[in-house]
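Asks: Take a look at this one; I'll ask things after.
The values are calculated or read from the model by the stated rules, or taken from the named source; none is laboratory data. Treat the numbers as computed from the prediction; the structure is a model and nothing was measured. FYI the Cβ positions are ideal-geometry reconstructions off the backbone, even for glycines, and counts take in every protein chain you see.
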Amino acid sequence: MFQRHQYQTLASRLENEPRRFVQVLFGPRQSGKTTLVTQFTQQTHQLTHYAAADAVSISGQTWISQQWSIARLKLKQSTGKVVVLILDEIQKIENWSESVKLEWDSDTRNAINLKVVLLGSSRLLLQQGLTESMAGRFETIYMGHWSFDEMQTAFDFSPEQFVWFGGYPGATTLMDDESRWRQFVSDALIETSISKDILMLTAVAKPALIRRLFEIGCHYSGQILSYTKMLGQLADAGNTTTLANYLRLLDTAGLLGGIQKYSPRLIRQRASSPKFMVHNTALITAQQNQPFQTILSNPEQWGRWVESAVGAHLLNSSISSSFKLYYWRDRGDEIDFVMSVDDRIIGLEVKSGRTQTSSGMAAFGKQFSPDKTYLIGDTGLPWQEFLSLDPMELF
């Protein structure tokens with residue numbers, strides 16, 4: 001049975017460590033969170049109680065107390081010393097963090113050895129609850145989209161298949177029928193993420209706009225587009241603040257990010273035009289009508305997918321690692337990606353068939369004196385090898 005590396009982290013904390021923190025497992029839909037905890041419950045010798053909030057009213061805070069009481073009862077009736085309580089889709093419960101804090105603190109006072117795992121697919125709502133109510137009481141484990149190494153190990157993916165079909169394990173059985181695969185990704189993954197993880201849980205005044213922004217962002221993945229230009233392409237777009245907020249929501253749902261321009265000055269970073277970047281290249285492919293082999297045989301078009309795969313790999317890694325991700329552009333000079341850790345920076349330029357007028361590496365090096373610069377593709381590090389790297393190894 002294939003297990004993602006996060007399994008060992010969670011299992012080690014629950015099996016080998018005393019009760020210290022609530023374990024929060026979060027990430028986009030179809031990343032395997034529920035499968036991981038199911039594997040844990042099947043293999044652990046500890047008592048467990050699992051419950052999902054899928055069918056619970058968002059105002060049903062008492063649901064958390066009810067599940068907690070069931071777990072406590074299991075502990076009381078058993079000869080075991082611990083019970084693991086697992087609550088799935090926790091962000092769907094209104095004020096969930098206040099209820100969890102109340103129950104957790106009660107167990108602490110009464111020396112009840114209940115270990116708790118919370119699962120959620122809305123990174124924004126989870127982070128808000130954790131910082132507002134759960135300070136000092138939690139640890140997080142991020143489960144991002146599946147990497148190339150994971151898809152290769154589990155499904156024998158080639159690098160080209162990964163770039164085209166992305167990292168959605170649940171869609172792999174449909175790859176032989178691309179039309180059906182596209183429909184599944186669009187309906188079961190994209191629409192479900194937008195409707196359930198954004199629209200149902202966050203105040204969005206213009207649902208049609210956020211869907212259209214997602215479509216445009218996928219079309220321009222790997223490209224820089226100012227909010228002003230976006231306003232010209234979007235009907236009823238409102239203002240740049242609205243677009244920036246909607247892009248942030250799409251990012252926290254694991255769909256589409258907006259990478260900021262690198263600058264030592266924070267104000268300039270926040271005021272920059274975003275570089276669109278999908279979290280998973282399947283999101284681009286699902287909106288295309290041309291088949292895999294047609295795009296693969298066109299170097300210019302295929303280069304777009306490769307650059308987005310490199311960017312998605314970096315974007316997902318930046319969430320779980322300690323580096324920040326940017327792009328850089330100054331007049332005609334440009335660097336595709338900039339990685340930053342503390343005061344150390346690395347420049348990355350991707351060349352894989354797309355026509356580019358200037359790498360900008362010399363200009364970037366002269367202006368910022370980076371620790372290192374890398375060329376990915378062409379005569380540099382092969383993009384196939386880059387997708388297997390932990391980006392932190394580049395420092």
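Asks: Which of the following residues is under 30 Å from His279 (Cα atoms) and either assigned by TED's automatic domain parsing to the domain that holds Arg13 or out of contact with any Ser or Thr (no Cβ under 9 Å at 6 or more places or on another chain) (or both): Ile93, Ile70? Reasoning before the result, please.
Replies: On the way: Ile70 fails: under 30 Å from His279 (Cα atoms).
One residue alone meets the criteria, Ile93.
Asks: Oh, and also: Of the numbered conditions (1) without any contact (Cβ under 8 Å) to a residue 60 or more places away in the chain; (2) of a type outside the set (Lys, Arg); (3) in contact with a helix residue (DSSP H, G or I) (Cβ under 7 Å, 6 or more places away or on another chain); (4) over 25 Å from Gln3 (Cβ atoms), Ser78 satisfies every one except a single condition; which is it?
Replies: Of the numbered conditions (1) without any contact (Cβ under 8 Å) to a residue 60 or more places away in the chain; (2) of a type outside the set (Lys, Arg); (3) in contact with a helix residue (DSSP H, G or I) (Cβ under 7 Å, 6 or more places away or on another chain); (4) over 25 Å from Gln3 (Cβ atoms), the odd one out for Ser78 is (3).
Asks: Considering only segment 331-358, state which residues are touching a helix residue (DSSP H, G or I) at 6+ places or on another chain (Cβ under 7 Å) and modelled with pLDDT under 85.
Replies: Ser352, Gly353, Arg354, Thr355 - these are the residues of segment 331-358 that are touching a helix residue (DSSP H, G or I) at 6+ places or on another chain (Cβ under 7 Å) and modelled with pLDDT under 85.
Asks: Kindly evaluate Arg29 against the criterion of being assigned to a loop (DSSP other than H, G, I, E, B), surrounded by 19 or more Cβ atoms within 10 Å (Cβ to Cβ) and either outside the structural domain of Thr131 (by TED's automatic domain parsing) or touching a residue at least 60 places away in the same chain (Cβ under 8 Å) (or both).
Replies: yes
Asks: Looking at this structure, is Ile224 out of contact with any Lys or Arg (no Cβ under 7 Å at 6 or more places or on another chain), among the β-branched types (Val, Ile, Thr) and under 24 Å from Ala312 (Cα atoms)?
Replies: For Ile224, the condition - out of contact with any Lys or Arg (no Cβ under 7 Å at 6 or more places or on another chain), among the β-branched types (Val, Ile, Thr) and under 24 Å from Ala312 (Cα atoms) - is not met.
Asks: Would you confirm whether or not segment 155-164 contains a residue that is of a type outside the set (Val, Ile, Thr) and closer than 30 Å to Thr202 by Cβ? Spell out the reasoning first.
Replies: Narrowing segment 155-164 to residues of a type outside the set (Val, Ile, Thr): 155-162, 164.
Next, from what is left, pick out any that are closer than 30 Å to Thr202 by Cβ: none.
The answer is no, given that none of the residues of segment 155-164 is of a type outside the set (Val, Ile, Thr) and closer than 30 Å to Thr202 by Cβ.
Asks: Return the residue satisfying two criteria in turn: it lies in segment 65-81 and is in contact with a Leu (Cβ under 7 Å, 6 or more places away or on another chain) and not aromatic (Phe, Trp, Tyr), and of such residues it is modelled with the lowest pLDDT.
Replies: This residue is Gly80.
Asks: Continuing with the same structure: If I filter segment 60-78 for residues that are loosely packed, with under 13 Cβ neighbours inside 10 Å and within 24 Å of Gly167 (Cβ to Cβ), do I get at least one hit?
Replies: Within segment 60-78, not a single residue is loosely packed, with under 13 Cβ neighbours inside 10 Å and within 24 Å of Gly167 (Cβ to Cβ).
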